[in-house]
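Shown next, in structure tokens, is the structure this report addresses.
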Amino acid sequence: MSDNTQDLIAQLRAIVGDAGLVTDADAQAPYLKDWLGKWQGRVTVVVRPADTAQTAEVVRLCHITHTPIVAQGGNTGMSGGGTPDDSGAQVILSTTRMNRIREVDPLNNTMTVDAGVILANAQQAAREADRYFPLSLGAEGSCTVGGNLATNAGGIAVLRFGNMRELALGLEVVLPDGRIWNGLRGLRKDNTGYDLRDLFIGSEGTLGVITGAVLKLFAQPHARATAWVGADTLEQLVELLARTRARCGERLVAFEMMSAASLALVLQHVADTRAPLAQPAAFNALIELADTEDGGLQAMLEDVLGQALEDGLVNDAMFCASQAQSAALWKLREGISQAQVRAGKVVKHDIALPISSLAAFTQAADAAIAGEDIPAEIINFGHLGDGNLHFNVMIPLSSTYEEVKHATAVFNRLVHDMVARMNGSISAEHGVGQLRRDELRHYKQPLEMELMLRIKQAFDPNLIMNPGKLL
Ligand code: FAD
Ligand code: 2HG
Ligand code: ZN
């Protein structure tokens, strides 16, 4: 270890103490690789500040010493944004010790939290105040509010409540030179110039370290109705979504889609799962209504879906009679990511399209992929109500590094070209990170790239915040 490195670690120790440094190789290991096992890096040290003041001191030191920083929350990201490079020169700044619920304000319907609070703990704190924080996703037991903000996470309730950008009112951020921007305002209206908050949301650790946030709360939904339906085509599910929305309005909180192959994968690879319908369907939807009180939710869902059955829009439906049945259905939906990891190597596409184009896209992309001379299975699922498909292409687990690289290049171009032609997005909710950095450059308008680079330069002229990611 060089004298400079030793000196940096000693100065970091003086700021965060022994409890705030991870220097041991074994203890560092989980911070250095991502959840999917796609990326692996090295670091000088992992530093875990206890609060905003310590974070500011750490970042100021990195600013002075030109040490690159990778902010990391729960390390559940899907685009490699939180994994360091392999130079060994970077520092991981983990927010996991900053885990205080600072305040719940039921009158303002807001909650102020540290960025390292685990999403499930934020949801729980809201519940304890008889309020609801709606961001919900498979990784909610480990991901952090800061990570959710930095990636502008989506999940299963976006069609009703919006993504993380819509759920945050204020932020506290440590800037790349170590100054603290206090934007912790719980206001629904604030037209005082450029929206700095919205710049940091979705910036994936490239503009600063988010240390705190004011989040919006909602009324607690005390009643839910859940159903599973099977259909022959995606077009039919899109029509059903429109009908359900028109009939149920704000009560519709989730409309998730799983292709037959996605469901089969979960049934094969995730324990304690069983098929919800007697006959497999080409396309499945998991639909949930919620309201503050019952008011005939179940009857409403049965009515909409009963009509859809009568009209031949869906083939079969299963209505949940208990919380346990609903949990079993959600386990099928949330098991897909894990099942993919067990079953193969996956070229992930996290795309958004106008809902009205989803069926045409799927048909065309299915055909184009089948026309390639690469053994592949399409695992198509996602948040139909948001026009967000995880149009993943799985290749055999035994594929070599070169084969994965080739398949990724071929399928990315094919899928992303089609998405671009249909006015969609190649990065809907997981962020760009390192996974889609080159793709972003390929598809983003040159003017948009230029403006983003100028913003980066203005905030982080020494380019120390998460270099190599996003831009
Ligand atoms: P990390 O993975 O630690 O970091 C992600 C990015 O944010 C990195 O670029 C990092 O540098 C940056 N970052 C983290 N904390 C900060 C901070 N405080 N300040 C600045 N930058 C920071 N995502 C969805 O949108 N919808 C889903 O439905 C969904 N489902 C998932 C299901 C599973 C099983 C898994 C594993 C992931 C899923 N994700 C989903 C991915 C999702 O983006 C992350 O789970 C989550 O938002 C990231 O939070 P994190 O704390 O783990 O961030
Ligand atoms: C989901 O919706 C997540 O389950 C993960 O966003 C998607 O594994 C994936 O590709
Ligand atoms: Zn998703």
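The values are calculated or read from the model by the stated rules, or taken from the named source; none is laboratory data. Keep in mind it's a predicted model, so treat the numbers as computed, not measured. All Cβ positions, even for glycine, are placed from backbone atoms using ideal geometry, and neighbour counts span all protein chains on display.
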Filtering the range 56-95 down to residues that are polar (S, T, N, Q) and more than 16 Å from ligand 2 (Cβ to nearest atom) yields THR65, THR67, GLN72, THR83, SER87, GLN90, SER94, THR95
Exercise. Could you say whether any residue in the range 327-350 is farther than 18 Å from LEU265 by Cβ and touching a residue at least 24 places away in the same chain (Cβ under 8 Å)?
Worked result: no
When the range 268-297 is checked residue by residue, the ones that are at pLDDT 95 or above, surrounded by fewer than 16 Cβ atoms within 10 Å (Cβ to Cβ) and more than 21 Å from ALA308 (Cβ to Cβ) are GLN268, ALA271, ASP272, ARG274, THR292
| message | Could you go through the range 314-324 and let me know if any residue there is within 21 Å of PHE411 (Cα to Cα) and either within 14 Å of ligand 1 (Cβ to nearest atom) or not hydroxyl-bearing (Ser, Thr, Tyr) (or both). | response | no
The condition of being within 30 Å of MET300 (Cα to Cα), part of a helix (DSSP H, G or I) and of a type outside the set (A, V, I, L, M) holds, among ARG224, ARG274, ARG197, ARG243, only for ARG243
Of the residues in the range 362-386 that are more than 17 Å from GLY344 (Cβ to Cβ) and within 14 Å of ligand 1 (Cβ to nearest atom), the one that is surrounded by the fewest Cβ atoms within 10 Å (Cβ to Cβ) is ASP386
Residues of the range 387-400 being in contact (Cβ under 8 Å) with a residue 12 or more places away in the chain and either within 15 Å of ligand 1 (Cβ to nearest atom) or not hydrophobic (A, V, I, L, M, F, W, C) (or both), in sequence order, are GLY387, ASN388, LEU389, HIS390, PHE391, ASN392, PRO396, SER399
Filter the range 138-170 for residues that are of a type in the set (A, V, I, L, M, F, W, C), in a helix (DSSP H, G or I) and away from ligand 3 (no atom under 11 Å from the Cβ); the one that is surrounded by the fewest Cβ atoms within 10 Å (Cβ to Cβ) is PHE161
Taking first residues from the range 249-268 that are in the same structural domain as PHE391 (by TED's automatic domain parsing) and closer than 18 Å to LEU137 by Cα and second residues anywhere that are buried (at least 24 other Cβ atoms within 10 Å of the Cβ) and at pLDDT below 95, the pairs with Cβ under 6 Å that are 6 or more apart or on different chains are none
- Task: Could you please let me know if ASN392 is farther than 21 Å from THR233 by Cα, out of contact with any Cys (no Cβ under 8 Å at 6 or more places or on another chain) and buried (at least 20 other Cβ atoms within 10 Å of the Cβ)?
- Result: no
Per the filter on the range 90-137, residues part of a strand (DSSP E or B) and near ligand 1 (Cβ under 10 Å from one of its atoms) are ILE92, LEU93, SER94, ASP114, ILE118, SER136
